[in-house]
Amino acid sequence: MDVALQILLNGLASGAVYGLFALGYTLVFSVLGVINFAHGAVFTLGAYLTYLFMGGAVGSNGLLHGLQLPFALPFWLALPMAGLGTALASLAVEFAAFRPLRRRGAERLLYLITSLGAGVILVNILQSLMGAEGYAFPASALGMLPAAIPIGTAQLRSVQLVLLLVSTALMLLLTLWLEGSRAGKAVQAVSEDAGTARLLGIDSDAMIRLCFAISGFLAGVSGGLVGLSLSITGPYFGISYGLKALGVLVLGGLGSVPGAVIGGLIIGLAEALVPGEWSGFRDAIAFGFLFAMLLLRPRGLFGQPLETRA
């Protein structure tokens, strides 16, 4: 029971972040029907911004070497500030890589190529500015919180508790916003049929921009949370998480908000079950689920059949 409880806690903490990150993919896919491959780069940017806003200094290899902001925010403020920065970055990606193609009615494959190019450009900009070395968040990032909190016979690290609480809160807020607000219902209408929504007086372009902004915010917060937990291993560390979130997205069902949440928790728990001596193979879990789901149930757990989507 001790081991099972510890595995459950570890899996819930990591799975909640996976689900939060995958929600950003889900929002964009729901309104455009394409996957934004720049999402992983925005995730990386969120980790770097959180680090900088907390007073972290740039290393010696980047163009900004030695830079340190004249202020140091606590983690609770730095994280949403980084999310706002990545929301703007995501809007820039929409403006440069998606909007011109959307206005020309281009094939969806072109969206994938331009978003991939935007992600590569963003990652290379980050590497030029920040260098290729890793960055660790300060040990005092969580203030007076203890290193771990006992839950029964298991230990929940304070970092894991923060990951779980922040991710769960944002997922709940997003769900309430989608179901209970006028803008959320407008987004759902656009996801069903953008043309019909436009005839009903809904500004489809504005809703798409709103989804990109929220998607970027969620990616930035996810990046800051992972950076706090595992440190920033370099400008490409968000790429692997972006690919893993794709596994979450397909497992839960393309365009499904509940599916992204459940898919993230399933993959998080599956990774937690991998023994320590096999930890190098944990990344294969997400892609194993992706492969199996594509073969057995292409629409995922909660996704609609692809032929019924608008």
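Just a few scattered comments:
- Highest-first packing order for the peptide set 14-23, 170-179 is 14-23, 170-179, based on the mean count of other beta carbon atoms within 10 Å.
- Per-selection metrics, the chain (Cα): Rg and Dmax in Å: 19.2, 59
- The range 1-140: proportion of alpha-carbon pairs further apart than 25 angstrom, %: 40
- The convex hull defined by the C-alpha atoms of the range 246-288 has an orientation-averaged projected area of 2.6 nm².
- Normalised convex hull volume, the range 81-240, alpha-carbon set, Å³ per residue: 154
- Between the residues Ile149, Leu20, Leu112, the greatest Cα displacement towards the positive end of the dipole of the range 2-308, with unit charges on the Cβ of Lys, Arg, Asp and Glu, is found for Leu112.
- The string of couplings for the range 221-232 from the Karplus curve (6.51, -1.76, 1.60, θ = phi - 60°) is 5, 4, x, x, 5, 5, x, 5, 6, 10, 6, 9 Hz, one whole number per residue in order, with x for Gly and Pro.
- Choice from Phe95, Phe71, Phe287 with maximal GNM fluctuation in the chain (Cα, 10 Å cutoff): Phe71
- For the range 2-308, a simple Cβ point-charge model (Lys and Arg +1, Asp and Glu -1, everything else neutral) yields a dipole of about 480 debye relative to the Cα centre.
- The Cα center of the range 158-193 and the Cα center of the range 1-58 differ in position by 14 Å.
- Potential lengthening between Ser158 and Arg198 on full extension [0.36 nm per residue; Cα-Cα distance subtracted]: 9.8 nm
- In this calculation the C-beta distance from Ala92 to Leu8 is compared with R0 = 41 Å, giving a FRET efficiency of 0.55.
- Tyr111 sits among other residues whose Cβ lies under 14 Å from its own Cβ, and their net charge, with Lys and Arg +1 and Asp and Glu -1, is +3.
- In this structure, the amide hydrogen of Ile151, modeled 1.01 Å from its nitrogen in the peptide plane, lies closer than 5 angstrom to those of Leu156, counting only residues at least 5 positions away or on a different chain.
- Springs between Cα atoms under 10 Å define the GNM used for the chain, and in it the highest mean-square fluctuation of Leu110, Leu126, Leu200 occurs at Leu200.
- All-pairs alpha carbon distance profile, the range 59-150, 10 Å steps from 0, percent: 13, 29, 30, 19, 8, 1
No value in this document is a laboratory result; all are computed from the given coordinates. What you see is a predicted model, and the numbers here were worked out from it, not measured in a lab. A quick note on method: Cβ atoms are made from the backbone with ideal geometry, for glycine too, and the neighbour counts reach across all protein chains shown.
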